[in-house]
Each structure stands twice: as C-alpha cells, then as structure tokens.
Amino acid sequence: MSMNEGATNLFNVWLPQIDYNLCDGCGICVEKCPVGALGIVQGKAVVLRPDICNYCALCEEACPPQIIQLPYLIGVFPPSAEDYE
Ligand code: SF4
Ligand code: SF4
C-alpha cells in the first residue's frame with residue numbers, strides 16, 4: 001500500500017494540516033517546500049497545490065511554532081509465524 005492510499009480529500013492524497021488560527025503567515029514553510037505546493041493567502045499558509053505535495057514533511061519541520069502536522073496511518077499487523085519461533 002502506498003503512503004497516499006486511503007486518504008479522503010479532493011485529490012485523494014494526504015496533506016499537511018495547518019492550524020490556521022495559529023499561523024502568523026511568516027512564509028518559512030513556503031520557502032522550505034521543495035515543490036512549491038504552499039502559498040500564503042490572506043496572511044495564512046495554505047496548501048495551494050495539493051496535487052504536487054509529496055508529503056516530505058519539510059514544512060512540518062520548518063514551521064517555528066510547529067503548527068503543521070502530517071498525519072500518518074499507523075498499521076497494526078497480525079504476528080507472523082516467525083514471531084513465535
Ligand atoms: S509536505 Fe513537503 S511537499 Fe508537501 S507542502 Fe510540506 S514541504 Fe511541501
Ligand atoms: S511556517 Fe508555520 S507560522 Fe509560518 S506561514 Fe508556515 S504554517 Fe504559518
């Protein structure tokens with residue numbers, strides 16, 4: 001299963017979640033995004049190009065107040081026979 005499977009947004013990909021109430025529009029995440037997926041709209045960071053976001057998490061790491069989160073799907077797999085050996 002690829003990282004982007006199982007998502008629910010318009011482009012069927014997982015996207016950074018930005019807390020718009022706390023974003024001060026500094027633009028650092030926009031500068032750090034390697035593909036140009038982010039922009040500032042009305043003083044807040046926005047994923048303007050969700051179709052090209054590669055989920056690299058550089059914006060999450062770069063945001064000073066740490067208000068960008070990238071949700072991850074946590075899989076719980078049944079034990080294999082090797083686990084009992
Ligand atoms: S996860 Fe990576 S590609 Fe996506 S918006 Fe953030 S920096 Fe850009
Ligand atoms: S780095 Fe954080 S505070 Fe700055 S514009 Fe991006 S989301 Fe907003």
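Things to note:
- In sequence order, calculated HN-Hα J values of segment 26-43 (Karplus, 6.51, -1.76, 1.60; Hz; x Gly/Pro): 5, x, 4, 4, 5, 5, 7, 5, x, 10, x, 7, 9, x, 10, 10, 6, x
- For LEU70, the residues 5 or more places off, or on other chains, whose built amide H falls under 5 Å of its own are GLN17.
- Per-residue Cβ neighbour rank within 10 angstrom, fewest leading, ASP51, ASP19: ASP51, ASP19
- Gain in span if fully extended, LYS32 to LYS44, counting 0.36 nm per residue against the direct Cα distance: 2.8 nm
Every number in this text was worked out from the coordinates using simple rules, so none of it is lab data. Quick caveat, the model's predicted, so the values are computed rather than measured. Note that we place each Cβ from the backbone using ideal geometry, even for glycine, and neighbour counts take in every protein chain shown.
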